[in-house]
Amino acid sequence: MATTIRTPLFSPTSTRFHSSHNQQLQLRLHFSKPRLLHSFPNFSISCSSSSQSQPQPQPPRHRPPYIPNHIPDPSYVRIFDTTLRDGEQSPGASMTSKEKLDIARQLSKLGVDIIEAGFPAASKDDFEAVKMIANEVGNAVDQNGYVPVICGLSRCNEKDIRTAWEAVKHAKRPRIHTFIATSAIHMEYKLRMSREQVIQKARSMVAFARSLGCQDVEFSPEDAGRSDREFLYQILGEVIKAGATTLNIPDTVGITMPSEFGKLIADIKANTPGVENVIISTHCQNDLGLSTANTIEGARAGARQLEVTINGIGERAGNASLEEVVMALKCGGHIFNNLHTGINTRHIYLTSKMVEEYSGLQLQPHKALVGANAFAHESGIHQDGMLKHKGTYEIISPEDIGLERSNEAGIVLGKLSGRHALRKRLEELGYELKDDQVQTLFWRFKAVAEQKKRITDADLRALVSDEVFQAEPIWKLDGLQVTCGTLGLSTATVRLVGDDGSTHVACSVGTGPVDSAYKAIDLIVKEPATLLEYSMNAVTEGIDAIATTRVVIRGDSNHTSTHALTGESIQRTFSGTGAGMDVVVSSVKAYIAAINKMLSFKEPSSSAEKIPISASNI
């Protein structure tokens, strides 16, 4: 029995095979000869370039010049990242201003076109974070002229819009993103406004944003997936006339099926007056697990901006995942009319790990592309195929997303390794650290290496997360002693160093070593907090494995912000992670990290005052 396999058509940035007589090279494979695939070293079924293939190179596709309401290249798709705004709405995902700035810098390295840096009216800290990102990342133009658009979210009221503009206006390319609900259920029960009132409010607020001097205004009809089509065409046409440059179509509750969402985008393109003068965007929630599929269908139907988050984090079940959407477009170019993005995919993995550590939202092992099992092969049949040719079971190379699976230099890190070897391996793993960070990490590495024969990549990543991906150290652990067992009360003595260099010691008893240590910390910090979540994992196998701990706390003081969609005042929660070979030390570090993050937040200002969403105020 024989079958014919056609080589897949590759995306514009990938390689392509050519034949002098036929554009498609055919290989006839006889299943009676299982090693035949291995006998064709130039054959690859990966959607990315294979180091074994020798195709004719194609010129790279360049990022077109940025024009707010027009993309000169009809095949180019803008990537709008909302990790710092929608992603941070996940419970426990609150990030400090420094953490947000670090992530924004990494998103710029990744090459996203627009960074939605936050909701400036939510709190003073949110405002300052967006302003800082606009000033620094929003003005860091690279050698190719690329600089990301910095966007601030606002509800349809003058106070929000003015606050957003004040936060982003110093960026080279500032944008205001404003929204109002358009579905019948939202207008009746949440807004208590008629269709005419909603249209008037949307039109006037887009015009107000333009009047401030903002030339790039995005408008979203919230809950568009459940909105009446004719009403959508009408309100979108009005905001276009008022000066909107991007129309974002959100599936706010994740109810739309892919075919429905694709048709929604197509219908808007066909029936909205003036739509040829704006960019259509998608924003898909993942309540039914369809956010990536819906986003791709939106792009196929004509959307040229896709709103996504790193790791798919966000409200409720999250958003469309940047890594999934970008790699799907790259691998599916042959059916997506060669749509392409400006994303440097080799920064995907490191960006994912940074967001995971800063947000405290741990990835499921089988998360597509960036999960721990994404490139793991345990089945004997799969392993046999991988040993013969990686293309048998991997459609992309892990190196394409920045995941280095092996050490090509043959360096094994241990207690005799020096700084140069450590720095070299960190660079291979995608970490670009400053000299002082490497120095700090080196001594931590040596301490662990004294207790383990060999330091794995997973160990290094855990150490980097514990030393580098942390909030500003208001409090640092200087010493810990615990006594526990079945013969008496568990006791803990903790010594902390404050940011002013002062040393503080406290002792406490508890139901166990972790409980007693946490109580001792509370005696020193004097900032009441409630522990909401506690979890621990071993980084590698073996009794000498490094343990990573994650905690989520809620401050008993007034750490609040304003929810972008509901306008309600919500109490923030804060996550922290710690790593160590001692499980109690790991637990204490995680708790201190969460406290540091909580203390880093500024108290809400008057800009964070709750704004009712009734008809008279919105």
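The values are calculated or read from the model by the stated rules, or taken from the named source; none is laboratory data. Since the structure is predicted, the reported quantities are computational estimates derived from the model, not experimental observations. Here Cβ is always computed from backbone atoms with ideal geometry, including for glycine, and neighbour counts include all displayed protein chains. With ligands, DNA and RNA removed, areas are computed over all heavy atoms of the protein, side chains included. Shrake-Rupley method; radii C 1.70, N 1.55, O 1.52, S 1.80 Å.
Given the conditions (1) open to solvent by 40 Å² or more (accessible area, probe 1.4 Å); (2) touching a helix residue (DSSP H, G or I) at 6+ places or on another chain (Cβ under 6 Å); (3) in a loop (DSSP other than H, G, I, E, B), report the number of the one that E324 does not fulfil.
With (1) open to solvent by 40 Å² or more (accessible area, probe 1.4 Å); (2) touching a helix residue (DSSP H, G or I) at 6+ places or on another chain (Cβ under 6 Å); (3) in a loop (DSSP other than H, G, I, E, B) applied to E324, the lone miss is (3).
Tally time: how many residues in the stretch 447-505 are over 30 Å from L429 (Cα atoms), open to solvent by less than 40 Å² (accessible area, probe 1.4 Å) and not in a strand (DSSP E or B)?
Adding up the residues that qualify gives 1.
Would you pick out the residues in the stretch 91-114 that are modelled with pLDDT under 95, part of a loop (DSSP other than H, G, I, E, B) and crowded, with 24+ Cβ neighbours inside 10 Å?
Within the stretch 91-114, S94, M95 meet the criteria.
Hey, can you tell me all the residues within the stretch 513-537 that are exposed (fewer than 14 other Cβ atoms within 10 Å of the Cβ) and of a type in the set (G, A, S)?
S535
Could you list, in sequence order, the residues of the stretch 423-446 that are open to solvent by less than 30 Å² (accessible area, probe 1.4 Å) and either farther than 22 Å from I103 by Cα or in a helix (DSSP H, G or I) (or both)?
Selection gives R425, L426, V438, L441, F442, F445.
Do any strands (runs of 3 or more DSSP E) lying entirely in the stretch 146-251 carry at least 2 residues that are under 30 Å from the mean Cα position of the chain (by Cα) and surrounded by fewer than 21 Cβ atoms within 10 Å (Cβ to Cβ), and which ones are they?
Of the strands (runs of 3 or more DSSP E) lying wholly inside the stretch 146-251, none has at least 2 residues that are under 30 Å from the mean Cα position of the chain (by Cα) and surrounded by fewer than 21 Cβ atoms within 10 Å (Cβ to Cβ).
Filter the stretch 115-125 for residues that are of a type outside the set (A, V, I, L, M, F, W, C), open to solvent by less than 10 Å² (accessible area, probe 1.4 Å) and either assigned to a helix (DSSP H, G or I) or in contact (Cβ under 8 Å) with a residue 60 or more places away in the chain (or both) and give the result.
Applying the first criterion (of a type outside the set (A, V, I, L, M, F, W, C)) to the stretch 115-125 yields 116, 118, 120, 123-125.
Next, from what is left, pick out any that are open to solvent by less than 10 Å² (accessible area, probe 1.4 Å): 116, 118, 120, 123, 125.
Hits for the stretch 115-125 are E116, P120, S123, D125.
Determine which member of the set H347, H366 is in a helix (DSSP H, G or I), on the phi < 0 side of the Ramachandran plot, at pLDDT 90 or above and of a type outside the set (A, V, I, L, M, F, W, C).
Exactly one of H347, H366 is in a helix (DSSP H, G or I), on the phi < 0 side of the Ramachandran plot, at pLDDT 90 or above and of a type outside the set (A, V, I, L, M, F, W, C), namely H347.
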